[in-house]
1. With a 1.4 Å probe and all protein chains left in place, how much accessible area per residue does the chain have, in Å²?
2. Between residue 208 and residue 187, what length comes free when the chain is fully extended (0.36 nm per residue of separation minus the Cα-Cα distance, one decimal in nm)?
3. How large a share of the accessible area of the chain, in percent, is made up of carbon and sulfur atoms when the probe is 1.4 Å and the other protein chains stay in place?
4. Quick check on segment 130-169: what does the Kirkwood estimate of hydrodynamic radius come out to from the alpha carbon pairs, in Å?
5. With contacts defined as alpha carbon pairs under 8 Å and 6 or more residues apart, what's the relative contact order of segment 1-99 in percent?
6. Points 7 angstrom from Cα along the Cβ direction at residue 284 and residue 21: gap in nanometres?
7. For segment 78-131, what ratio Rg/Rh do Cα atoms give with a Kirkwood hydrodynamic radius?
8. What Kirkwood hydrodynamic radius, in Å, does the chain give when the mean of 1/r is taken over all pairs of distinct Cα atoms and then inverted?
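The values are calculated or read from the model by the stated rules, or taken from the named source; none is laboratory data. The shown structure was predicted, so the numbers you read here are calculated from the model rather than taken from an experiment. Reconstructed Cβ throughout: ideal geometry from the backbone, glycine too, with neighbour counts over all protein chains shown. Accessible surface areas use protein heavy atoms only, side chains included; no ligands, DNA or RNA. Shrake-Rupley method; radii C 1.70, N 1.55, O 1.52, S 1.80 Å.
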Amino acid sequence: MKAIVYEKYGSPDVLELREIERPVVTDDGVLVRVQTSSVNPVDWHTLTGTPYLVRMTTGLAKPKRNGLGVDFAGTVEAVGKDVTQFQPGDEVFGARDGALAEYVVVREERAVVPKPANVTFEQAAAVGVAAITALQALRDKGQLQSGQKVLINGASGGVGTFAVQVAKSFGAEVTGVCSTRNVDLVRSIGAHHVVDYTREDFARSGQRYDLMLDNIGNRSWSECRSVLSEKATVVVVGGPKTGRWLGPLSQVAKLRLASLAGSRKVVAPFLAKINKADLVVLRELLEAGRVTPVIDRRYALSEVPEALRYLGEGHARAKITITV
């Protein structure tokens with residue numbers, strides 16, 4: 001099969017499209033013919049090995065694994081003898097390391113679920129990491145409740161576009177922060193209020209929020225605190241790429257230390273835990289039409305280097321998909 005592989009850390013130039021062995025179906029495994037995948041910031045960090053802290057898990061001198069990508073959607077090609085939930089021909093989506101390839105094998109009980117009929121392969125492939133991150137950040141880390149006011153800083157990105165819709169589906173009043181060119185997009189996916197940061201500073205708006213989801217990490221604790229109600233929570237998902245050793249973690253550390261003395265709290269660093277149960281929740285939201293993935297750009301598998309180059313520039317909005 002064809003797959004995107006890399007042997008060393010570096011820029012997208014180190015990526016190659018190669019013929020490699022197709023994965024073997026295990027007894028509890030589901031072999032999926034990938035139709036579409038997508039890329040996420042985690043792929044950029046895994047590729048470049050930055051900040052250096054990520055190499056504690058990905059490999060110090062060189063990558064432990066040569067594949068890249070996590071999100072996928074496709075058709076079941078074969079199943080192991082112990083598999084009962086799936087059969088060949090089923091349309092599925094999920095998350096698995098090495099998803100930028102023609103085939104992946106996923107254990108039945110891991111992150112793979114049936115694709116809703118009202119969602120395309122491309123839309124389903126955009127879900128994975130970004131949507132699970134948004135769900136867990138709001139529901140689990142932020143303890144979001146119906147009727148609360150939520151501020152999403154970076155509402156037009158991959159996580160942000162899902163977070164706006166997930167928060168609204170939970171009954172929250174959602175305010176999204178984005179640039180001028182993305183105002184209409186953020187409003188179209190359900191935000192009750194949209195702040196154009198090029199024209200207005202949300203930290204000086206006089207508004208108060210019960211929960212802030214920060215995908216950007218570009219604000220000081222005093223600025224965050226100015227828009228938080230008593231006992232509010234800030235969940236930090238992203239941050240500036242500055243600093244090759246700690247990257248966004250340096251900003252996270254500053255926020256956490258500064259918040260220790262007050263009633264408002266900072267939850268960070270936050271990394272999503274990919275699991276089947278949360279994919280089921282997202283599947284239900286997709287099927288009900290309460291969440292609709294937004295696609296920015298589309299690339300072919302051979303164009304993954306270009307896709308990651310665009311992602312690395314930091315100006316991508318919503319999701320970038322890869323047609324396999």
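1. Numbers: 14680 Å² over 324 residues.
Normalised by residue count, the accessible surface of the chain is 45 Å².
2. 5.6 nm
3. Roughly 50 percent of what the probe reaches on the chain is carbon or sulfur.
4. Values: mean 1/r = 0.1013 Å⁻¹.
Across segment 130-169, the inverse of the average 1/r is 9.9 Å.
5. The value is 32 percent.
6. The answer from the label model is 4.1 nm.
7. On the way: Rg = 11.2 Å, Rh = 12.0 Å.
Taking Rg over the Kirkwood Rh, I get 0.93.
8. In the chain this quantity evaluates to 20.1 Å.
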